[in-house]
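Colleague: Could you have a look at this structure, given as structure tokens, before my questions?
The values are calculated or read from the model by the stated rules, or taken from the named source; none is laboratory data. For clarity, every value in this text was computed on a predicted model and none was experimentally measured. Don't worry about glycine lacking a Cβ; one is built from the backbone with ideal geometry, like all the others, and counts go over all protein chains shown.
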Amino acid sequence: MKYFFYALLSGMLLALGWPTYGFPLLLFVAFVPLLYSEYRIRMEEAHYRKLKIFGLSYLSFFIWNLITTYWLYFSTPFGGIFAIVVNSLLMSLVFLIYHIVAKRVDFKAAASFLISLWMSFEYLHLNWEFSWPWLNLGNGFSEYSTWIQWYEYTGTFGGTLWVLLVNVGLLKMLLLYRQHQDKAILLRGLLKNGLLILLPIGLSYLILFNYEESEKKLEAVVLQPNINPYTEKYNTTDVRIGQLLTKLAEENISPNTDIVIAPETVFADGTIYSQFENSEANFFTRDFVRRHSKMAFLSGISMYERFNNPSRVRSQSNQIGPRDWYDDYNSAFMVTARDSVSFYHKSKLVVGVENFPYQEVLKPVLGNVMIDLGGTVAMKTTQKERGVFELLNGEKVGPIICYESVYGDFVTGYVNKGADFLAIITNDAWWGRTQGHKQHLSYARLRAIENRRSVARSANTGISAFINEKGQITQSLGYEKKGALRGELTLNDKLTFYTRYGDYLARIANFLSLFIFLFAMVKWKRKRI
């Protein structure tokens, strides 16, 4: 029962340390009860040790996943349950692999393996087709931007490393104290781990107080039309949407406004991609920029292209007849007074809603199964490279669509393409008044710090916001409030260390975890011989 209690405690500490309601200091101790349970069980000559470790870790991680991401259920009950159950399972498998290796190596190697393996798991969650990086540990500090200004060098993997190092350090202190019963061990351990927590925070404040934002600026207006996607969005014509967006823009722009930004798929009639010139979205945005020739208009749009030529079929094409297919796009477009239009197609897709993972393997088994998230359910067509849009004066914006803003290394692709600032367009109404939309906004602050780019965020139902280069929210418009924000954004053309090198910590962790695993297995086999 005590191990059950320890596992329960770890799960609660992880959940209570999570944004946006939690206090991230708890993350530094959250793994200790579970790690201590694993160590004690590993030392016991008991049956079913692996099963016990798996069960206890699953309990911890299920509690964490449930409390922090329960809101997924409100968008799709099956999808929410699947995400919570399976992600808890994957985390438990990582912990079980750690247990297997820890029995075969010393404490330092075991600790190094745990840290590197967990980081490798998080890296996998950023890159495979079942991607779900929402609970990557480095995200846990998103509400405390003053602690993590050094993310411009490490990205969120620096935060993951930080959390795990302290947890392992506290475990070592606890085990040594139980062995020797010497209070000096506790004092030294608390001092060392306290410094390991405080020094990065102190460094962050030093960076913060010495960081100077770019002096070059532009004025932006972000629109928040507050259209309910379940009852209004797909029953409202693009004509009415265009009229609403134009009205909101006209009421909030000034003669100095350079760009107006509208949310993800706000034009949702299903425009034919090759006939965009004849669409209502094109009519209203072009009419607006003709009347305000200094401004650009950036918006989200749902588009498709139907065809019957088999040579055009790709893995993301949707078949609707024997010789009939279509490509479906969740896109951003920008119109300027140059009579030019630029497109970017969302490329980090929501699993099961916009992307059928590993079709070649799963489709023959499951059939054409997709999870309904309250809107159009189809495979989305992506593009290989990140796209940036150029304003009239040469400034460049990175158009980030919804879920893409959770991916640090992915967002650096916009900045490496020349983006001077970032625009996040999203629709967060699927989750209602839960932590979902709050966490999504909070994670955008991480992207600002990592790249030192200001962010303009336009959310259909909220929370729309402006975020500066330090990850601080300077303006926001609350959830389910119709309106707009007008504010200044800095323009920065410098590249941070993280922007240049991306998730290099995770790539090192991949190599280290594989090396320790192979070393442990070879050593174990030699002992048996």
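Colleague: Condition first: charged (D, E, K, R) and in contact (Cβ under 8 Å) with a residue 24 or more places away in the chain. Now tell me which residues in segment 3-47 satisfy that. Before the answer, list the steps.
Modeller: Looking only at segment 3-47, we keep the residues that are charged (D, E, K, R), and these are 38, 40, 42, 44-45.
Within segment 3-47, GLU38, ARG40, ARG42 qualify.
Colleague: Then there's this: Can you tell me which residue is modelled with the highest pLDDT among those in segment 206-229 that are in contact with a helix residue (DSSP H, G or I) (Cβ under 9 Å, 6 or more places away or on another chain) and farther than 20 Å from PHE466 by Cα?
Modeller: The qualifying residue modelled with the highest pLDDT is ILE207.
Colleague: GLN475: surrounded by fewer than 21 Cβ atoms within 10 Å (Cβ to Cβ) and in contact with a Pro (Cβ under 9 Å, 6 or more places away or on another chain), yes or no?
Modeller: It is false that GLN475 is surrounded by fewer than 21 Cβ atoms within 10 Å (Cβ to Cβ) and in contact with a Pro (Cβ under 9 Å, 6 or more places away or on another chain).
Colleague: Still on this structure, please answer the following. Can you pull out the residues in segment 180-199 that are closer than 23 Å to THR146 by Cβ and aliphatic (A, V, I, L, M)?
Modeller: LEU195, LEU196, ILE197, LEU198, LEU199
Colleague: Continuing with the same structure: Considering every residue within segment 112-130, establish whether at least one is in contact with a strand residue (DSSP E or B) (Cβ under 8 Å, 6 or more places away or on another chain) and not basic (Lys, Arg). Break it down into steps so the answer makes sense when it comes.
Modeller: Initially, segment 112-130 is screened for residues in contact with a strand residue (DSSP E or B) (Cβ under 8 Å, 6 or more places away or on another chain), giving 129-130.
If we keep only those that are not basic (Lys, Arg) as well, we get 129-130.
Yes: one or more hits.
Colleague: Name the single residue, out of those in segment 84-127 being touching a Pro at 6+ places or on another chain (Cβ under 8 Å) and not aliphatic (A, V, I, L, M), that is surrounded by the fewest Cβ atoms within 10 Å (Cβ to Cβ).
Modeller: HIS125
Colleague: How about segment 339-364: which of its residues are at pLDDT 85 or above and of a type outside the set (A, V, I, L, M, F, W, C)?
Modeller: Answer for segment 339-364, where residues must be at pLDDT 85 or above and of a type outside the set (A, V, I, L, M, F, W, C): SER342, TYR344, HIS345, LYS346, SER347, LYS348.
Colleague: I've got another one for you. Of all the residues that make up segment 455-493, how many are touching a residue at least 60 places away in the same chain (Cβ under 8 Å) and in a loop (DSSP other than H, G, I, E, B)?
Modeller: So the answer is 14.
Colleague: I would also like to ask the following. Applying the selection to segment 26-35, what residues are aliphatic (A, V, I, L, M) and either surrounded by fewer than 16 Cβ atoms within 10 Å (Cβ to Cβ) or within 15 Å of TRP64 (Cα to Cα) (or both)?
Modeller: From segment 26-35, those aliphatic (A, V, I, L, M) are 26-27, 29-30, 32, 34-35; that's our starting set.
LEU26, LEU27, VAL29, ALA30, VAL32, LEU34 - these are the residues of segment 26-35 that are aliphatic (A, V, I, L, M) and either surrounded by fewer than 16 Cβ atoms within 10 Å (Cβ to Cβ) or within 15 Å of TRP64 (Cα to Cα) (or both).
Colleague: I've got another one for you. Could you please give the count of residues in segment 402-460 that are within 19 Å of LEU218 (Cα to Cα), touching a Cys at 6+ places or on another chain (Cβ under 8 Å) and of a type outside the set (Val, Ile, Thr)?
Modeller: 0
Colleague: Could you give every pair whose Cβ atoms fall below 6 Å, whose first residue belongs to segment 426-452 and is within 27 Å of TYR504 (Cβ to Cβ) and assigned to a helix (DSSP H, G or I), and whose second residue is modelled with pLDDT under 95 and of a type in the set (D, E, K, R), counting only separations of at least 6 or pairs across chains?
Modeller: Listed by first residue and then by second, the contacts come to HIS440/ASP428.
Colleague: Still on this model: Among the listed residues THR257, THR237, THR265, identify the single one that is under 23 Å from ASN492 (Cα atoms) and not basic (Lys, Arg). Steps first, answer last, please.
Modeller: Details: THR237 fails: under 23 Å from ASN492 (Cα atoms); THR265 fails: under 23 Å from ASN492 (Cα atoms).
Only one candidate qualifies: THR257.
Colleague: Moving to a separate point now. Among the strands (runs of 3 or more DSSP E) contained in segment 189-275, which hold 1 or more residues that are surrounded by fewer than 18 Cβ atoms within 10 Å (Cβ to Cβ)? So that I can check it myself, show each step before the final result.
Modeller: On the way: elements: 217-224, 257-261, 267-272.
Passing ranges, in order: 217-224, 267-272.
Colleague: Go through segment 387-420 and give me each residue that's without any contact (Cβ under 8 Å) to a residue 40 or more places away in the chain, among the charged types (D, E, K, R) and either buried (at least 23 other Cβ atoms within 10 Å of the Cβ) or not in a strand (DSSP E or B) (or both).
Modeller: Hit for segment 387-420 is LYS417, nothing else.
Colleague: Among the residues of segment 507-525, is there at least one that is crowded, with 24+ Cβ neighbours inside 10 Å, out of contact with any Leu (no Cβ under 6 Å at 6 or more places or on another chain) and either farther than 30 Å from PRO77 by Cα or not charged (D, E, K, R) (or both)?
Modeller: The answer is yes; a qualifying residue exists.
Colleague: Restricting to strands (runs of 3 or more DSSP E) lying wholly in segment 280-347: which have 1 or more residues that are at negative phi, touching a Gly at 6+ places or on another chain (Cβ under 7 Å) and of a type outside the set (Asp, Glu)?
Modeller: 296-307, 324-335, 341-345
Colleague: Please find, among THR146, THR154, THR160, the residue that is polar (S, T, N, Q), modelled with pLDDT of 95 or more, surrounded by fewer than 20 Cβ atoms within 10 Å (Cβ to Cβ) and within 28 Å of the chain's Cα centre (by Cα). Working first, answer last.
Modeller: Values: THR154 fails: surrounded by fewer than 20 Cβ atoms within 10 Å (Cβ to Cβ); THR160 fails: surrounded by fewer than 20 Cβ atoms within 10 Å (Cβ to Cβ).
The conditions single out THR146.
Here is a yes/no grid of residues against (1) within 30 Å of THR146 (Cα to Cα); (2) buried (at least 20 other Cβ atoms within 10 Å of the Cβ):
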{"position": "GLY17", "(1), (2)": "yes, yes"}
{"position": "TYR21", "(1), (2)": "yes, no"}
{"position": "SER37", "(1), (2)": "no, yes"}
{"position": "GLY55", "(1), (2)": "no, no"}
{"position": "LEU66", "(1), (2)": "yes, no"}
{"position": "ILE81", "(1), (2)": "no, no"}
